[in-house]
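Report on the structure given below.
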Amino acid sequence: MPKFGLIGYPIGHSQSPSLFKEWCDGKWPYDLVETEDFDKAWEIFLKEYDAINITAPFKEKAFLRCDSASRECRILGAANIAVKTQEGVVAYNSDYLAVKEIIKEKKLAGVALIVGYGGAGKAAALAASDAGLDVVVCNRTVSKGEGIRPLEEIPVLVPVADIVIYTLPLMIPEMEGLEMNCVLEANYRNPSLSKLKINNYIAGLEWLRQQAVAGYPLLTSTLTK
């Protein structure tokens, strides 16, 4: 019986098992492999599972352990899907795939303002750029040469943004009181922007759903070949 699962810590709150069960009609098991020790989690994957999802804080470490990777993973240096194949373990990034699909479905164009530049923010920025949007990134930490803008500029940048992709876990003071045309928020557990004045609010649950739509066929891809 093929086995699938999720590694990361903490992951007890994850909706991945229920989403996977719904997607495959309960055909295959899906487990939470919850440990703070990445090496232990990876060893369990290699011994017991056909493919896994990967969440924080293991995405970068998992990418480095894979034998090959999709283009977006190679650019981002992070993976949240690892699939065993005859050629080795292959890495994918469904954060990227989800954001790109949302942009396509919503027919979004113009300027994308990415707030936060961690794993989800980097994936969103690449997806928006690949979808043809002009990308501006705001982050608390500003690195020279990367073109990242400080958070203090958000009130100036929001009015010219066609979509704001918000990847921080909490609402920051710079966002308070702003009116926005379109927002995609990554946080699905405790969304912080849903009560602001937003014409088109795309919830984190939609991001999660699109991750599942893009990711679960990849997880099970070797079973249909």
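List of remarks:
- Residue under evaluation residue 109, criteria (1) assigned to a strand (DSSP E or B); (2) more than 24 Å from residue 6 (Cβ to Cβ), criterion not met: (1)
- Within region 1-28, tally of residues that are open to solvent by 50 Å² or more (accessible area, probe 1.4 Å), over 19 Å from the mean Cα position of the chain (by Cα) and in contact (Cβ under 8 Å) with a residue 12 or more places away in the chain: 2
- Annotation: residue 117 fulfils all but one of (1) over 21 Å from residue 63 (Cβ atoms); (2) of a type outside the set (A, V, I, L, M, F, W, C); (3) in a loop (DSSP other than H, G, I, E, B); the unmet one is (1).
Here's the yes/no breakdown for (1) among the aromatic types (Phe, Trp, Tyr); (2) closer than 14 Å to residue 215 by Cβ; (3) at pLDDT 95 or above:
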residue: 3; (1), (2), (3): no, no, yes
residue: 19; (1), (2), (3): no, yes, no
residue: 32; (1), (2), (3): no, no, yes
residue: 35; (1), (2), (3): no, no, yes
residue: 43; (1), (2), (3): no, no, yes
residue: 46; (1), (2), (3): no, no, yes
residue: 53; (1), (2), (3): no, yes, yes
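Here is a yes/no grid of residues against (1) part of a helix (DSSP H, G or I); (2) closer than 21 Å to residue 52 by Cα; (3) aliphatic (A, V, I, L, M); (4) open to solvent by 20 Å² or more (accessible area, probe 1.4 Å):
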position	(1), (2), (3), (4)
187	no, no, no, yes
191	no, no, no, yes
195	no, no, no, yes
200	no, no, no, yes
207	yes, yes, no, no
215	yes, yes, no, no
218	yes, yes, yes, yes
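- Selection from region 161-181 of residues that are in a helix (DSSP H, G or I) and open to solvent by less than 90 Å² (accessible area, probe 1.4 Å): 174, 175
- Within region 42-73, the residues that satisfy the criterion of being open to solvent by 40 Å² or more (accessible area, probe 1.4 Å), without any contact (Cβ under 8 Å) to a residue 60 or more places away in the chain and not in a helix (DSSP H, G or I) are 55, 57, 67, 68.
- Within region 148-191, tally of residues that are over 17 Å from residue 128 (Cα atoms), of a type in the set (S, T, N, Q) and in contact with a helix residue (DSSP H, G or I) (Cβ under 8 Å, 6 or more places away or on another chain): 1
- Tally of residues being open to solvent by 50 Å² or more (accessible area, probe 1.4 Å), under 25 Å from residue 182 (Cβ atoms) and more than 15 Å from the chain's Cα centre (by Cα) across region 74-123: 5
- Test: residue in region 84-98 that is part of a helix (DSSP H, G or I), within 21 Å of residue 217 (Cβ to Cβ) and small (Gly, Ala, Ser): yes
- Residue in region 124-138 that is most open to solvent (accessible area, probe 1.4 Å), counting only those that are under 19 Å from residue 187 (Cα atoms) and out of contact with any strand residue (DSSP E or B) (no Cβ under 8 Å at 6 or more places or on another chain): 126
The values are calculated or read from the model by the stated rules, or taken from the named source; none is laboratory data. Being a predicted model, the structure only gives us computed values, none of them experimental. All Cβ positions, glycine included, derive from the backbone under ideal geometry; neighbour counts span all protein chains shown. Ligands, DNA and RNA are excluded from the accessible area calculation, which covers all protein heavy atoms including side chains. Shrake-Rupley method; radii C 1.70, N 1.55, O 1.52, S 1.80 Å.
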